[in-house]
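S.K.: Here you go, one structure.
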Amino acid sequence: MIRVLRARFVAAVLEAGRYPDRIDPAIGREPEIAFAGRSNVGKSSLINTLVGRRALARTSKTPGRTRQLNFYVVETVRGTFVFVDLPGYGYARVSKGEHASWRSLVERYLEERTLLRGVILVVDIRRGIGIEERELLDYLHFHRRPAIVAATKIDKLSRGSRSAAMRAISAAAGDTPVVGVSGETREGRDEVWRRLTVPPIDLLDTAAQGPLTPHDGS
Ligand code: GDP
């Protein structure tokens, strides 16, 4: 469906509001899609599956790389898009201060970035949508950010348990579309891309690309 020509990691952002808008010609200009999810759900694997690269987003956890926004430029036959990997949430043991800086980094990006077209909330199909995921979906809805849920690791369940789990996730997701994916078998890849290229997200809608506002830059 969507053929990816090239993909590159551009920058990691550690400070709220300091986006890499002048580092790469695509960033600050092309539409963005953000990936959210607790750590270990398969967020990096999903990014790799979507771009068809084995290790663009690292699937190994590197300490210190977890509290930042990672910006990737993805060139496809249908246009150039920017993938923004948000730091994983759901850390039970982080200090209050760390939690506050995580919130300001992620929430400022989600609330003020005009180039952001939508968010993929990544969940493990075996774990589904918990309180934090539900809160994030409500928060995105409140801020009028279109979202889809990607349920990963579908290859780990039998057909029967898979459809039961997908039904439960869809029920918990409400109006938010849910797509099952696997980094192992690549199942769901085309469906995620399809969801990214139709309303309400529609990365292909060039008319929706607003000019940079002062909020977008540093
Ligand atoms: P992240 O922390 O959310 O970025 O998660 P990763 O993408 O690093 O994945 C965490 C672990 O789950 C790794 O060991 C992956 O190999 C594994 N994993 C991720 N996606 C899948 C999947 O679709 N199927 C299977 N079987 N394993 C997966």
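S.K.: Per residue, how much accessible area does the chain have with a 1.4 Å probe, in Å²?
M.R.: On a per-residue basis, 50 Å².
S.K.: Identify which of ALA36, ALA151, ALA100 has the largest mean-square fluctuation in a Gaussian network model of the chain, with springs joining Cα atoms closer than 10 Å.
M.R.: Comparing ALA36, ALA151, ALA100 in the GNM, the peak value goes to ALA100.
S.K.: Long-range amide H contacts for VAL122: which residues qualify at under 5 Å (H placed 1.01 Å from N, peptide plane, sequence gap of 5 or more or a different chain)?
M.R.: Hits under the 5 Å cutoff: ALA36, GLY37, ALA150.
S.K.: Given bins 10 angstrom wide, list per bin the percent of all Cα-Cα distances in region 86-172, short to long.
M.R.: It works out to 15, 43, 31, 11, 1, in whole percents.
S.K.: When the chain is treated as a GNM, springs tying every alpha-carbon pair under 10 Å, which of ASP202, ASP85, ASP138 comes out with the largest mean-square fluctuation?
M.R.: ASP138
S.K.: Ok, one more. Taking springs between alpha-carbon atoms closer than 10 angstrom, which of ASP21, ASP124, ASP175 fluctuates most in the Gaussian network model of the chain?
M.R.: With Cα springs under 10 Å in the chain, the top fluctuation among ASP21, ASP124, ASP175 is at ASP175.
S.K.: When the Karplus curve 6.51 cos²θ - 1.76 cosθ + 1.60 is applied with θ = phi - 60°, which whole-Hz ³J(HN,Hα) does each residue of region 6-16 get, with x for Gly and Pro?
M.R.: Along region 6-16, the couplings run 8, 8, 9, 7, 10, 7, 10, 10, 10, 10, 4 Hz.
S.K.: Quote the relative contact order of the chain in percent (integer), defining contacts as alpha-carbon pairs under 8 Å separated by 6+ residues.
M.R.: 26 percent
S.K.: Work out from phi, with θ = phi - 60° and the Karplus expression 6.51 cos²θ - 1.76 cosθ + 1.60, the ³J(HN,Hα) of each residue of region 143-156, listed in order in whole Hz, and give x for Gly and Pro.
M.R.: Each residue's phi maps through the Karplus curve to give 8, 6, 9, x, 9, 10, 9, 9, 8, 8, 6, 4, 5, 7 Hz.
S.K.: Volume per residue, Å³, of the convex hull around the alpha-carbon atoms of region 1-56?
M.R.: Details: hull volume 6.6 nm³, N = 56.
Per residue, the Cα convex hull of region 1-56 comes to 118 Å³.
S.K.: Still on this structure, I have one more. Largest first, how would LYS156, LYS43 line up by accessible area (1.4 Å probe)?
M.R.: I get LYS156, LYS43, largest accessible area first.
S.K.: Sum -39500 (n - 2.57) across every DSSP H segment of at least 4 residues in the chain, then divide by the residue count to get the 222 nm mean residue ellipticity, nearest 500.
M.R.: Theoretical 222 nm ellipticity from helices: -8500 deg cm²/dmol.
S.K.: Given H placed on each backbone N at 1.01 Å, which residues far from ALA11 in sequence or on other chains put an amide H within less than 5 Å of it?
M.R.: PHE71
S.K.: Would you list TYR72, TYR139 from the most to the least accessible area, probe 1.4 Å?
M.R.: The residues order as TYR139, TYR72, largest area first.
S.K.: Oh, and also: Enumerate the calculated ³J(HN,Hα) couplings along region 77-84 in order (Karplus 6.51 cos²θ - 1.76 cosθ + 1.60, θ = phi - 60°), each rounded to whole Hz, writing x wherever the residue is Gly or Pro.
M.R.: Along region 77-84, the couplings run 5, 9, x, 9, 10, 10, 9, 10 Hz.
S.K.: Amide H neighbours of ILE129 under 5 Å, counting only residues 5+ apart in sequence or on other chains, H built in-plane at 1.01 Å?
M.R.: Result for ILE129 returns nothing.
S.K.: Measure of size requested: the Rg and Dmax of region 106-149, with Cα atoms as the atom set and Å as the unit; please supply both.
M.R.: Every Cα atom of region 106-149 included, Rg and Dmax give 10.9, 34 Å.
S.K.: Treating the Cα atoms of the chain as identical point scatterers in vacuum, please give the log10 of the normalised Debye intensity I(q)/I(0) at q = 0.08, 0.14 Å⁻¹, two decimals.
M.R.: Results for the chain at q = 0.08, 0.14 Å⁻¹ read -0.25, -0.82.
The values are calculated or read from the model by the stated rules, or taken from the named source; none is laboratory data. A quick note: this is a predicted structure, and the numbers were derived from the prediction, not measured. Side chains are part of the model used for accessible areas, which takes the heavy atoms of the whole protein and leaves out ligands, DNA and RNA. Shrake-Rupley method; radii C 1.70, N 1.55, O 1.52, S 1.80 Å.
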